[in-house]
Amino acid sequence: MEDAENIVAQTAERIFADLADAQTINSDKKGSWKAPLWRALSEAGLPLSWVAEEYGGSGATLAEGFGVLSAAGRSALPVPLAETMLAGWLLSLGKIACPEGEMTLVPAGPKDRITLNGDATLSGRARGVPFAKEARHIAVLAHDEKAKPSIALVSADKCRIESSLNLGGDHTDIVTFDRVTPVAVKPAPDDFDLTSALLMGAVARSLQIAGSLESMLEISVRYSNERVAFEKKISKFQAVQHNLARLAGESAAALAAATSAADALADPATPKDAAFLEAASAKIRCSEAAEKAAAIAHQVHGAIGFTIEHILHRYTLRALAWRDDFGSESYWAVELGKRVAANGADELWPLVASR
Amino acid sequence: MEDAENIVAQTAERIFADLADAQTINSDKKGSWKAPLWRALSEAGLPLSWVAEEYGGSGATLAEGFGVLSAAGRSALPVPLAETMLAGWLLSLGKIACPEGEMTLVPAGPKDRITLNGDATLSGRARGVPFAKEARHIAVLAHDEKAKPSIALVSADKCRIESSLNLGGDHTDIVTFDRVTPVAVKPAPDDFDLTSALLMGAVARSLQIAGSLESMLEISVRYSNERVAFEKKISKFQAVQHNLARLAGESAAALAAATSAADALADPATPKDAAFLEAASAKIRCSEAAEKAAAIAHQVHGAIGFTIEHILHRYTLRALAWRDDFGSESYWAVELGKRVAANGADELWPLVASR
Amino acid sequence: MTAALRFDPIRLPPECVKLRQEVRAFLAEEIAAGTFDPHKPNREDSDAPEFSRRVGARGWLGMTWPRKYGGHERTFLERYVVTEEMRVANAPTRRFFVADRQSGPVLLKYANERIKMDILPRICRGEVCFAIGMSEPNSGSDLFAAKTRATKADGGFLINGTKIWTSSAHIADYMIAIFRTSPSTKENRRHGLTQFLVDMKTPGIKVNPIGQITGQFEFNEVVFTDAFIPEDHVLGEIDGAWKQATSELAYERSGPERFLETYYVLTELVRAVGPSPDTRAAEGIGRLVAQLHTMRRMSVSVAGMLQAGKEPVVEASIVKDIGTIWEQQLPHRVRDLAAFVDADVTNHETLENQLAFAMKTAPKLTIQGGTTEVLRGIIARGLGLR
Amino acid sequence: MTAALRFDPIRLPPECVKLRQEVRAFLAEEIAAGTFDPHKPNREDSDAPEFSRRVGARGWLGMTWPRKYGGHERTFLERYVVTEEMRVANAPTRRFFVADRQSGPVLLKYANERIKMDILPRICRGEVCFAIGMSEPNSGSDLFAAKTRATKADGGFLINGTKIWTSSAHIADYMIAIFRTSPSTKENRRHGLTQFLVDMKTPGIKVNPIGQITGQFEFNEVVFTDAFIPEDHVLGEIDGAWKQATSELAYERSGPERFLETYYVLTELVRAVGPSPDTRAAEGIGRLVAQLHTMRRMSVSVAGMLQAGKEPVVEASIVKDIGTIWEQQLPHRVRDLAAFVDADVTNHETLENQLAFAMKTAPKLTIQGGTTEVLRGIIARGLGLR
């Protein structure tokens, strides 16, 4: 789907432009931007984009929701929109009605294992759970002792939450479930597992990273056309041009990988192996791009980009932080590599060429 | 030791200039340069630099011999000078008198295991043995069934040699010892093992790689100051300047790592751990530099450097090929990493700062 | 956005899936028949004329061209599928590749009807081989420094000068070349070059093969001495080749051949490590596959733009920039990852041979058909920096 | 050789070995006493004045300077050992580092005797902190675009303008700065700047801290409004600062601080993987250690050249270019290698915190004190390319 046709994403983009301007947020030490922004997003139905109307959501398509996430990345949005969308998506798979307010989800990484006990309580610990501290509810994928997966809705105040911040200054917390009684718990769909949940999260983060890279490119190009050194615009130096060309390349690769993976997940006809390749590759490639792109964007900006007052860090540090969520690039690379090897050399090209 | 004070290296350099000119060798399809070159090297006593006079050598110091290898690298020398020197060094450690003519040595890599049988014959196979096909004798480190190491001198015509060529077109052969009776066999010195032999070979190759990188830098800088494109010398383009600056950096790093390691091995006071760090690091860093430097040198030269007539490939392809000998950079990196980890985090800095 | 870079996801339509199966079946037959060995990229494949004809007979040359010229009016995406399958199989495409990719489209756009009716159907049948005469001894990346002269003569032009690095000139039937018809002007240094169709059988053309470090003889020096070219072999505007060059090069910049040139070593690595690699090898393979997949999706996306009638010069340049650097480094990464592969695995020698050839091929990948430096300049211009 | 780059191996003499033990013992005491925590590079260490005095008392400041100015006439290699041990221990050196490394040597060379006798001994005792006033809001890498004016006044100069990115200005006692005393000339755009010693207590100087993305306040904007500097505080030639800048910057370019800035994450990685890492982690650590060792040997070699009275500008620039890129990428490589470290290892949180801080520090490493682009330009000049 082209963003131009995606009205949901356009709505989001408009709200971000009005209420999540990077410079305004950066200058506002009191966080007074936060409540109006979330209110506007909620009123537009965006946090529950992926929840059917019967469950209290706005029933957008996966593709439309993915467009929202790209836009959120371009804005380096510091509220749990992606997390609430993902939580809503997970709850919908469990046919659980969605509550209002900020949500997040578990698993946030491949080591998160939550147990559904015989008495229908949840036990376990999850690390690096984005925005847990700001969430009212948590959508959880849990497994019983027979490894059968269930989806649960948990009130955040029932959990122990150890607070910490990621590189970008957003919450990434440790959540401990100590025989927590969920608000609701239902069986997960057939075939749904930890990997399915992580892949969806990985694609969400890939889109956000790609979006932030688009913005890094834009503000770096603009800065290079303004800043003068050695008596000319720095954009006229071949070294700067080539650096920006590389940044454009990384941004383009991230964009291509992320949107292709989103399209693969949005297409019900995509074979499972192809979806895995797409989603894992997106997270790997976007994360690799984040490091290179952030380094170039900072290099082009020089000292000014290193200040807290400049908005550049809003994009660079979030892009770097997002690499860690829902499986790092190293994790997905090992998993992808193992699959490729297990399938054998002669199956590699058919897999790559499957879409 | 400064090369300026190293008369042995200066002698070598003079012979290379006279009889191993890269352009002459490159144009000479018949190999008629080879016999006079080897004759001159032999007459100057260079192949047996590291052999004491009592064993038929010229008794140069380790440092002097290392200087010869740097010069050989700068000339991309395609005869087994380094190998004969190493073989002579190994035989001397076993107090075995050296024969005349080309030699090579085994082990050439970490997987080469040669057994000294009860009947004093040798069995086993070694891969990637440099110049085996052109060698008259092979110096061998072998182990008996109790893992006690011995040094042996073997006549090459007693071995089965499967011929192949490395990237640079020099021989790198598979040598099979099938109950071969050596010319001589003696116990190795205490403390001497496979690793000791490989480290010495690794430093030799590091010096050769570093030397070849010096030449790549020199001819690339010269070419960039001659070649005109877009109406100016290509050396005036910032992109070319920065590429050559990076090439200079890689060349400098290789040179520093290799000469430092050579100095460490030449200094009897160097602790064993420090010698390992130096030699392994040299091989790792020089090999990494080879890839980057070769890519840049070719990029600067454009299509002309891709032709068989131009001398560039003599340096680039040999530097790349030498990465494989006496343990690749991956091999040494794993070994070094294991040692560092086994010693523990708090011992890392003391090791790095030990010289 | 300053630069509206777009790489929309393309879902290959069903006809592509079907076509891919046909191409694979065809290639399997050819391999079985001994036409080529997919594991040996380093063969001299300069003369596989029969293979070319069979590819043509399948309708896989001139796929997107009008039927009246022997084409098949199929999509760029279908053409893409054929190209990538051929490339991955290491099929001997040299004889027809340039004609199909570059020369045919130029003729379609600039040649007169008679020439089009004569040559294009023969390209589609796989009967003719093309070369491209751009570089000269003193003009490499800087095409507009070309000096080889086309002097007006009765009914045509006399060509004098030398082209160099001309791939396949030794087996080519035709060359499309740029020659100097006027001096450049102060206002426009790109002025004065004209594009010509050259029949390689013309008297006064001498082809001298140049050896490559790979051991192959793939490119050539081509010396013109009073070689006569008829007037109607001018392609496009006299003195105006520079206007034609940009769009033409777009064809060159983003095809699957721009990142698959050394792909074979990756397949062979997967074979060598076996079904249960350690974490080190698994991660390395996973990253390489993710990078490859991403470039392919970018490249497919560009094919989609071509199909939609766009001229995605910047996007195509990005694919080539990233792609060629990737395929250049690939053999070195594979060598690293294969460092601990047992020398006794069955494909060890194949892998070693492939690595050696790929490493020797590598340097040219970021030079030929637009260097890294030129590509980044194009991208920078697209970003509004120059 | 076109470029006679030399990096001769240096064997640190016995006095260095002894000195190193003394420094380590001293630092261990300081750590035990709670002066600083070597595992916490992210503290605000701007004010550790007592530590500075104790370092001075040990004779480790002004080590290479003449005794008459409070120095110790020891070698550059001894100074090197002290510097690297302090850096690796994450000791709070900010207060004295600039004075010892850069400002003192400038004063030694260009200040009058009275100033030297006044200030240098105090530097050696660890009593004074220096800042360097180079960059301005519109002149970053291009120092010669500086506009802050020094206007001749009775007995001295009046300074008006703004310096920026001035590290430690908020705690500094003095600044060495360049100000414009004349316009640049057509023939020499570097003409017209003069170097001054500025007492930071001078009326008319306002220091505005600038927040960094690391959360620290380390650099500042410094605004001069009719700040008076006495005539004898001119350092070197009026209008001729450009002649002094090159050799001065050499001090900045190759010290161990140029590749050890994020070193702590490597130590912590080794701790986290434990004594028996898998092949992936072992290889990664091995390569990083080899790269680190190589840079250190290069850097020691440059110290040896300084000791021998040479001015190894190109060699020093190479060390800084390679070193800063390495230390910039190091936290990312360590993050990769630590990807599968168990969250329960004892130092997990330390490693995580260190990685976060190192990643935020990383961008500045290739910008401060000579960007990558500037360094490569210097190297290119040394190679004879410009």
Checklist entry - Is one or more of the residues making up the stretch A:283-291 more than 20 Å from A:Arg318 (Cβ to Cβ), at pLDDT 95 or above, in a helix (DSSP H, G or I) and within 7 Å of another protein chain (Cβ to nearest Cβ)? => result no
Checklist entry - What about B:Phe276, is it of a type in the set (Phe, Trp, Tyr) and surrounded by fewer than 24 Cβ atoms within 10 Å (Cβ to Cβ)? => result yes
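In the stretch A:319-355, which residues are of a type in the set (D, E, K, R) and within 20 Å of the chain's Cα centre (by Cα)?
A:Arg323, A:Asp324, A:Asp325, A:Glu329, A:Glu335
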Item to check | Extreme residue, farthest from B:Ala333 (Cα to Cα), among residues of the stretch C:253-281 that are more than 8 Å from chain A (Cβ to nearest Cβ) and of a type in the set (Val, Ile, Thr) | outcome: C:Thr262
Next on the checklist: Taking the conditions exactly as written (closer than 25 Å to B:Gln299 by Cβ, polar (S, T, N, Q) and either buried (at least 21 other Cβ atoms within 10 Å of the Cβ) or within 14 Å of chain B (Cβ to nearest Cβ) (or both)), does C:Ser184 satisfy them or not?
Outcome noted: no
Checklist entry - Can you name the residue in the stretch B:119-143 that is assigned to a strand (DSSP E or B) and in contact with a helix residue (DSSP H, G or I) (Cβ under 7 Å, 6 or more places away or on another chain) and, of all such residues, is farthest from B:Lys34 (Cα to Cα)? => result B:Leu141
Checklist entry - Do we have any residue at all in the stretch A:57-65 that's under 15 Å from the mean Cα position of the chain (by Cα), closer than 21 Å to A:Ile138 by Cβ and crowded, with 16+ Cβ neighbours inside 10 Å? => result yes
Checklist entry - In the stretch C:326-342, how many are assigned to a helix (DSSP H, G or I), at the interface with another protein chain (Cβ under 9 Å from one of its Cβ atoms) and among the hydrophobic types (A, V, I, L, M, F, W, C)? => result 1
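Restricting to the stretch B:221-277, count the residues that are outside any helix (DSSP H, G or I), aliphatic (A, V, I, L, M) and under 23 Å from A:Ala245 (Cβ atoms).
Keep residues of the stretch B:221-277 that are outside any helix (DSSP H, G or I), which gives B:227-233, B:237, B:267-271.
Retained after the next criterion (residues that are aliphatic (A, V, I, L, M)): B:228-229, B:269.
Narrowing further to those that are under 23 Å from A:Ala245 (Cβ atoms): B:229.
Qualifying residue count for the region: 1.
Could you tell me which residue of the stretch C:1-30 is farthest from the other protein chains (Cβ to nearest Cβ), considering only residues that are outside any loop (DSSP other than H, G, I, E, B) and among the hydrophobic types (A, V, I, L, M, F, W, C)?
Of all residues in the stretch C:1-30, those outside any loop (DSSP other than H, G, I, E, B) come to C:14-30.
Add one more test, that the residue is among the hydrophobic types (A, V, I, L, M, F, W, C), and what stays is C:16-17, C:19, C:23, C:25-28.
Values: C:Cys16: 10, C:Val17: 9, C:Leu19: 12, C:Val23: 11, C:Ala25: 13, C:Phe26: 16, C:Leu27: 12, C:Ala28: 11 Å.
So, considering only residues that are outside any loop (DSSP other than H, G, I, E, B) and among the hydrophobic types (A, V, I, L, M, F, W, C), the one farthest from the other protein chains (Cβ to nearest Cβ) is C:Phe26.
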Checklist entry - Is there any pair linking a residue in the stretch C:159-180 that is within 14 Å of chain B (Cβ to nearest Cβ) and within 12 Å of C:Phe196 (Cβ to Cβ) to one that is of a type in the set (S, T, N, Q) and in a strand (DSSP E or B), with Cβ under 9 Å and at least six apart or on different chains, and which? => result C:Lys163/C:Asn220
Checklist outcome for this item: (1) more than 24 Å from A:Gly88 (Cβ to Cβ); (2) buried (at least 21 other Cβ atoms within 10 Å of the Cβ); (3) out of contact with any His (no Cβ under 9 Å at 6 or more places or on another chain) all hold for A:Ala204 apart from (1)
Checklist outcome for this item: Considering residues that are within 11 Å of chain B (Cβ to nearest Cβ) and either buried (at least 18 other Cβ atoms within 10 Å of the Cβ) or on the phi < 0 side of the Ramachandran plot (or both), the number found within the stretch C:193-219 is 10
Checklist entry - Given (1) at negative phi; (2) not in a helix (DSSP H, G or I), where does B:Leu348 come up short, assuming only one miss? => result (2)
Checklist entry - Taking the condition outside any helix (DSSP H, G or I), modelled with pLDDT of 95 or more, within 13 Å of chain A (Cβ to nearest Cβ) and more than 25 Å from A:Ala279 (Cβ to Cβ), does C:Val345 pass? => result no
Item to check | Test: A:Ala266 is within 26 Å of D:Thr324 (Cβ to Cβ), modelled with pLDDT of 95 or more and of a type in the set (A, V, I, L, M) | outcome: no
Checklist entry - All but one of (1) over 26 Å from C:Gln368 (Cβ atoms); (2) not in a helix (DSSP H, G or I) hold for C:Ile285; which doesn't? => result (2)
Item to check | Tally, over the stretch A:66-94, of residues that are more than 13 Å from the chain's Cα centre (by Cα) and closer than 25 Å to C:Phe7 by Cα | outcome: 0
Checklist entry - Among D:Gln244, D:Gln195, which is assigned to a strand (DSSP E or B), touching a strand residue (DSSP E or B) at 6+ places or on another chain (Cβ under 9 Å) and either under 30 Å from D:Asp321 (Cα atoms) or of a type in the set (Val, Ile, Thr) (or both)? => result D:Gln195
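Quick grid of which residues meet (1) closer than 19 Å to C:Glu237 by Cβ; (2) at pLDDT below 95; (3) of a type in the set (A, V, I, L, M):
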| site | (1), (2), (3) |
| --- | --- |
| C:Ser135 | no, yes, no |
| C:Ser141 | no, yes, no |
| C:Ala153 | no, no, yes |
| C:Thr162 | no, no, no |
| C:Ser168 | no, yes, no |
| C:Tyr174 | no, no, no |
Checklist entry - Conditions: (1) within 13 Å of chain B (Cβ to nearest Cβ); (2) at pLDDT below 95. D:Gly284 meets all but one. Number of the miss? => result (2)
Checklist entry - Among the residues of the stretch C:31-65, which ones are assigned to a helix (DSSP H, G or I), crowded, with 17+ Cβ neighbours inside 10 Å and touching a Gly at 6+ places or on another chain (Cβ under 6 Å)? => result C:Ser52, C:Val55, C:Gly56
Item to check | Which numbered condition D:Val234 fails, given (1) within 14 Å of chain B (Cβ to nearest Cβ); (2) more than 30 Å from A:Tyr315 (Cβ to Cβ); (3) touching a Phe, Trp or Tyr at 6+ places or on another chain (Cβ under 8 Å) | outcome: (1)
Item to check | Residue selected from the stretch D:291-343 under the condition free of Cβ contacts under 8 Å to residues at least 60 places away in the same chain and of a type in the set (Gly, Ala, Ser), by the criterion surrounded by the fewest Cβ atoms within 10 Å (Cβ to Cβ) | outcome: D:Gly309
Checklist entry - How many residues are assigned to a helix (DSSP H, G or I) and touching a helix residue (DSSP H, G or I) at 6+ places or on another chain (Cβ under 6 Å) if we restrict to the stretch B:27-40? => result 3
Next on the checklist: Take the residues in the stretch D:158-173 that are in a strand (DSSP E or B) and in contact with a Lys or Arg (Cβ under 9 Å, 6 or more places away or on another chain); name whichever of them is surrounded by the most Cβ atoms within 10 Å (Cβ to Cβ).
Outcome noted: D:Ile159
Item to check | Selected residue (criterion: nearest to the other protein chains (Cβ to nearest Cβ)) from residues of the stretch A:312-345 that are in a loop (DSSP other than H, G, I, E, B) and under 21 Å from A:Leu198 (Cα atoms) | outcome: A:Ser328
Item to check | Selected residue [within 30 Å of D:Ser141 (Cβ to Cβ), part of a loop (DSSP other than H, G, I, E, B) and not charged (D, E, K, R)] from A:Leu213, A:Leu167 | outcome: A:Leu167
Checklist entry - Which condition breaks for D:Ala316 when tested against (1) assigned to a helix (DSSP H, G or I); (2) at pLDDT 95 or above? => result (2)
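The values are calculated or read from the model by the stated rules, or taken from the named source; none is laboratory data. Just so it is clear, the model here is predicted, and its values are computed rather than measured. A quick note on method: Cβ atoms are made from the backbone with ideal geometry, for glycine too, and the neighbour counts reach across all protein chains shown.
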